[in-house]
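The values are calculated or read from the model by the stated rules, or taken from the named source; none is laboratory data. What you see is a predicted model, and the numbers here were worked out from it, not measured in a lab. Note that we place each Cβ from the backbone using ideal geometry, even for glycine, and neighbour counts take in every protein chain shown.
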Amino acid sequence: MSKYWSKLVASVEPYVPGEQPKDRNYVKLNTNENPYPPSTQVLEAIKATANESLKLYPDPNGEELKRTLANYCGLKKEQIFFGNGSDEVLAFAFMAFFDPEVPVLFPDITYSFYPVYANLFKIDYELIPLKDDFTLPVEQFFKPNGGIIFPNPNAPTGEYITVEAIEEILHHNQDHVVIVDEAYVDFGGESAQSLIDQYPNLLVVQTFSKSRSLAGLRVGFALGQEELIQGLERIKNSINSYTLDRLALAGAVEAIKDEAYFQATRNKIIRTRERVSDELGKMGFKVIPSKTNFIFISHPTVKAEELFLKLKEEAILVRYFKQPRIDNYLRVSIGSDIEMDRFLEAVRKIT
Ligand code: PMP
């Protein structure tokens, strides 16, 4: 392959998303989706929008959605950026804010899209190893860097650090942007949003994919001071004016408005997570304490890869990472109580 474009394309290492099987009979616990459907209010709004206005372009600035979220979280709408899933928000943030001259820091065990973006945008990075108990070594993020990103809670471990610890990281890195990826924060974590007023270098990223049951609609957002948000808008408006379509804009507004449904479903998932963690503990599993909608587990005798394959034979799909330090763990998304009972029953049979 000597052609210039062939080499260019071959150097890109894409992210590989979790399996989405066609067979609907799987108990699907592999991609941290919400087991409950979106609120009926959301579905009604999407249907009405589909009937009325799909021939027209959407609002490129998503003004109504920004106003609704601003009201909800007590920020100004100029402090909010929306993207096509938080993956897109993260990609724009890598492009906009990370210094290609100095390595960006992120944990060695973390969301595997970060190194993909870094490679794509030719940004150098340094991996910060997690401690033996998989917690984040906060002081390791005080060294000079070209930016920092980590999920809180982390994925796929489910561990989290306190807002006080995040503040220390921000304090030590005032010249570079610190991105806190809060994809799972609604399942028991605490948002770093309260630090935005004080720290112009903080960008908090969240998603409607998990706690709002809208993985298929693709809505994510960033919160930060106006200068950072304007930076993201500049990148977005240089690539695509309409990253959120009309259905996404309409559905997301209603997802924010239906607070009762949001609270009921996320509390249900937290209760199920605690019950399943207890049961697995009793069965001898090591269960990393989780503040997310998944658990990270390891069995003392049955190898994770074997358990993964045997669960698949039982039509139960979980996530296995063939990666140093975590290749004897499985990440299991929290499904409905019925789904988790099927999972526990299969695990009992196998182990
Ligand atoms: N951040 C983390 C840590 C995630 O696990 C995910 C989901 N795979 C995302 C971001 C992206 O979520 P989405 O693009 O669906 O908003």
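Table for the structure above
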item: Residue match in segment 17-39 (condition: closer than 26 Å to residue 242 by Cα, at pLDDT 95 or above, among the small types (Gly, Ala, Ser) and surrounded by fewer than 21 Cβ atoms within 10 Å (Cβ to Cβ)); result: no
item: Strands (runs of 3 or more DSSP E) contained entirely in segment 162-250, each with at least 2 residues that are at pLDDT 95 or above, within 16 Å of the ligand (Cβ to nearest atom) and of a type in the set (Gly, Ala, Ser); result: 220-224
item: Subset of segment 90-103 [within 16 Å of the ligand (Cβ to nearest atom) and in contact with an Asp or Glu (Cβ under 8 Å, 6 or more places away or on another chain)]; result: 90
item: Matching residues in segment 97-110 - criterion: being surrounded by 19 or more Cβ atoms within 10 Å (Cβ to Cβ) and not hydroxyl-bearing (Ser, Thr, Tyr); result: 97, 98, 103, 104, 105, 106, 107, 109
item: Count of segment 104-142 residues which are out of contact with any Lys or Arg (no Cβ under 8 Å at 6 or more places or on another chain), at negative phi and away from the ligand (no atom under 15 Å from the Cβ); result: 20
item: Residue in segment 46-68 that is of a type in the set (D, E, K, R), surrounded by fewer than 21 Cβ atoms within 10 Å (Cβ to Cβ) and within 16 Å of the ligand (Cβ to nearest atom) present; result: no
item: Pick from segment 2-40, criterion among the β-branched types (Val, Ile, Thr) and under 16 Å from the mean Cα position of the chain (by Cα), ranking: farthest from the ligand (Cβ to nearest atom); result: 16
item: Flag for residue 209 being among the small types (Gly, Ala, Ser) and under 19 Å from residue 68 (Cβ atoms); result: yes
item: Hey, residue 16 over 26 Å from residue 333 (Cβ atoms), part of a loop (DSSP other than H, G, I, E, B) and of a type in the set (Val, Ile, Thr) or not; result: no
item: Checklist (1) part of a strand (DSSP E or B); (2) touching a helix residue (DSSP H, G or I) at 6+ places or on another chain (Cβ under 7 Å); (3) of a type in the set (A, V, I, L, M, F, W, C) applied to residue 92, failing item; result: (1)
